[in-house]
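Just below is one structure, and these are the notes that go with it.
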Amino acid sequence: MTITLRSESASELTFEQMDSNLLEVRNYDLSFTATGGSNADEVLWAYIAARPLKLPVALDSSLMTVIGATAALTLVFKKNDIEVGSVTFDAGAATFDFPSEETLNPGDVLTITSSGDYEFVTLALTVRSLIN
């Protein structure tokens, strides 16, 4: 299907509807915030997969910021209680250590756990994933 729009200035825009089956990759962001610090081994966030998702190597394009941190901090990613990666925030920069692609199937649980006792005001993290 083609839709053509014409304006009074005689310029023309044409849009073509694409077959939805041609869309192979769709982003799906997983976001969370925590406030007031954390204790060692405290689960700060848990996500139960409702659809198949892929977490890319190095968690490419994921973002993290921490406000009011008193020291460097590390968070651990676990899939069904098995460690699959981590992120360290130090000196204003986040470093993701996510060595391999992980697939979450419906029912899988992804958690983010504090690796130590940390003081911070607010922590925000967005993890880029792909709908599988």
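The values are calculated or read from the model by the stated rules, or taken from the named source; none is laboratory data. These numbers come from a predicted model, not from an experiment. Cβ sites come from the backbone with ideal geometry, for glycine too, and all protein chains shown count toward neighbours.
Before we move on, is Asp97 surrounded by 13 or more Cβ atoms within 10 Å (Cβ to Cβ) and at pLDDT 95 or above?
Spelling it out, it is not the case that Asp97 is surrounded by 13 or more Cβ atoms within 10 Å (Cβ to Cβ) and at pLDDT 95 or above.
For the range 73-132, which residues satisfy the criterion of being basic (Lys, Arg) and more than 13 Å from the chain's Cα centre (by Cα)?
Within the range 73-132, the first condition is being basic (Lys, Arg), and the residues that meet it are 78-79, 128.
Listed by number, the residues that qualify are Lys78, Lys79.
Annotation note: of Glu83, Glu102, the sole residue that is of a type in the set (D, E, K, R) and surrounded by 17 or more Cβ atoms within 10 Å (Cβ to Cβ) is Glu102. Identification of strands (runs of 3 or more DSSP E) wholly contained in the range 6-80 with 1 or more residues that are surrounded by 11 or more Cβ atoms within 10 Å (Cβ to Cβ) and at pLDDT below 90 yields 26-35, 63-67. Identification of strands (runs of 3 or more DSSP E) wholly contained in the range 84-132 with 1 or more residues that are more than 14 Å from Ile48 (Cα to Cα), among the hydroxyl-bearing types (Ser, Thr, Tyr) and in contact (Cβ under 8 Å) with a residue 40 or more places away in the chain yields 109-114, 122-131.
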